[in-house]
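Taking it in order: structure first as structure tokens, then the write-up.
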Amino acid sequence: MENLYKLDGKVPILKAIPFGLQHILAMFVAGIATLIQLYPIWKIGSRLPIVMSVSFTFVAILTYVGATYGYASAMGAVLIGGLIEGCLGLLARYWKKIITPIVAASVVTSIGFSLFSVGTRSFGGGYSESFGSAKNLLLGIITLAAFLLFNIFAKSYWKQLSVLFGLIVGYILAIFMGKVDLSVIFNGGLIVLSHLLPFKMKFDLGAIIAVVVIFLVSATETIGDTSALVNSGLNREVTEEEISDSLACDGFCSSISSLFGCPPITSFSQNIGLINITKIVNRFTIATGAICMILAGLLPPIGNFFSSLPEYVLGGGTIMMFGTILTSGIEMISKAGFN
């Protein structure tokens with residue numbers, strides 16, 4: 001089991017799945033993008049334990065572009081924006097030097113602070129009428145407590161499953177409290193195949209410019225995420241090639257995502273927090289989680305099961321993970337030097 005803490009160590013499949021599943025709470029195209037990050041195609045992918053999923057960064061701009069130009073134009077803009085970010089990644093050696101260690105560290109710290117609002121919103125119940133209710137807060141607190149107690153008292157490698165344990169405890173308790181609607185799990189049939197080009201894409205210059213700007217913001221976050229992951233998970237500095245290949249995967253996989261009518265894909269900061277806690281960086285282990293994402297996209301019952309996890313239960317786990325991202329950012333600032 002010590003191979004869990006090695007990038008390329010061999011881990012038994014039955015033991016890899018629960019640790020990989022712990023990293024995963026998203027769907028089909030994100031699973032493919034995660035596998036490409038783990039096992040690159042040419043220069044697309046960093047070989048690092050980066051989990052990819054839909055980015056909140058794009059929500060506001062895509063809402064505006066979709067309302068102004070139409071969803072087909074939004075997907076066209078994502079296609080072009082992804083290609084531009086991917087090409088910037090392949091050419092990173094020509095501009096990477098302007099992203100100094102203190103810049104990357106500041107970005108990671110900012111991500112940690114900004115995610116706290118997401119975590120606290122989830123902890124209270126998300127965007128619902130019951131936000132902040134006693135039941136929501138109780139479930140969030142119990143989930144967090146289960147996570148902390150398991151982390152303290154579990155022995156050996158079981159300690160590293162503390163996040164998954166907390167989520168399971170919170171989920172089961174939420175079911176008994178009547179806060180989970182299990183009837184939705186089998187809605188939508190047993191299997192659904194993703195459709196290529198569900199929209200006929202349109203290309204509007206205004207939409208493209210607006211989305212490309214946000215792709216550049218997302219690229220900065222990816223640099224910060226990749227730097228933080230290598231710094232805290234592998235205990236070394238990130239290489240120029242890893243930054244380049246990570247950005248290439250970010251961009252080109254976002255373009256692939258648009259072909260299925262889906263939003264852009266980017267590195268998930270939450271995963272950096274989880275790696276800070278567990279120190280599990282094994283590529284094969286996280287790949288099992290990516291395969292679960294693909295199955296969740298193709299098999300509605302699996303996807304609906306993940307979606308049925310209450311916000312406040314998620315909040316109980318993410319509060320701790322987001323805190324470790326902030327800690328990682330401050331550690332990176334200290335390594336950059338105080339002057």
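The values are calculated or read from the model by the stated rules, or taken from the named source; none is laboratory data. Nothing here was measured: the structure is a model prediction, and the numbers come from that model. Neighbour counts are summed over all protein chains in view; Cβ atoms, including those assigned to glycine, are modelled from backbone coordinates with ideal geometry. Side chains are part of the model used for accessible areas, which takes the heavy atoms of the whole protein and leaves out ligands, DNA and RNA. Shrake-Rupley method; radii C 1.70, N 1.55, O 1.52, S 1.80 Å.
At a glance:
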{"item": "Partners for LYS10 among aspartates and glutamates (Cα-Cα distance below 19 Å; same-chain residues under 8 apart left out)", "result": "GLU2"}
{"item": "Accessible solvent surface per residue of the range 71-186, calculated while the other protein chains remain in place, 1.4 angstrom probe, Å²", "result": "52 Å²"}
{"item": "Peptides 217-226, 30-39 ordered by average Cβ neighbours within 10 Å, highest first", "result": "30-39, 217-226"}
{"item": "Accessible area per residue in Å² at 1.4 Å probe, computed on the range 197-244", "result": "47 Å²"}
{"item": "Å² of accessible area per residue within the range 251-305, as computed with a 1.4 Å probe and no ligands counted", "result": "24 Å²"}
{"item": "Packing-based order for 241-250, 300-309, using average beta carbon neighbours within 10 Å, highest first", "result": "241-250, 300-309"}
{"item": "Listed residue pairs exceeding 22 Å between alpha carbons, taken from LYS43/LYS97; LYS279/LYS335; LYS15/LYS159; LYS6/LYS159; LYS15/LYS279; LYS15/LYS179", "result": "LYS15/LYS179"}
{"item": "Mean Cα-pair separation over length for the chain, i.e. relative contact order, pairs under 8 Å, 6 or more apart, %", "result": "41 percent"}
{"item": "Sorted largest first, extent of the chain alpha carbons per principal axis (Å)", "result": "52, 49, 39"}
{"item": "Partner aspartates and glutamates for LYS96 [C-alpha distance under 19 Å; skip if fewer than 8 residues away on the same chain]", "result": "GLU85, GLU221, ASP225, GLU237, GLU240, GLU241, GLU242, ASP245, ASP250"}
{"item": "Cβ crowding within 10 Å averaged over residues, with 267-275, 172-180 ranked highest first", "result": "267-275, 172-180"}
{"item": "Shape of the range 182-249, Cα gyration tensor, a/c cut at 1.5", "result": "oblate"}
{"item": "Carbon and sulfur %, accessible surface of the range 235-281 computed with the full protein complex present, 1.4 Å", "result": "59 percent"}
{"item": "Column: log10 I(q)/I(0), Debye, Cα scatterers of the range 130-256, q = 0.17 Å⁻¹", "result": "-1.04"}
{"item": "Net charge over other residues, Cβ less than 15 angstrom from the Cβ of TYR71 (K, R count +1; D, E count -1)", "result": "+1"}
{"item": "Within the accessible area of the range 54-137 (1.4 Å probe), percent carbon and sulfur", "result": "71 percent"}
{"item": "Heavy-atom accessible area order for GLU240, GLU85, GLU2, largest first, 1.4 Å probe", "result": "GLU2, GLU240, GLU85"}
{"item": "Cα convex hull volume per residue for the range 1-115 (Å³)", "result": "167 Å³"}
{"item": "Charge sum, other residues only, whose C-beta stays under 10 Å from VAL108's C-beta, Lys/Arg counted +1 and Asp/Glu -1", "result": "-3"}
{"item": "Rounded if a/c under 1.5, otherwise prolate or oblate - the range 205-339, Cα gyration tensor axes", "result": "oblate"}
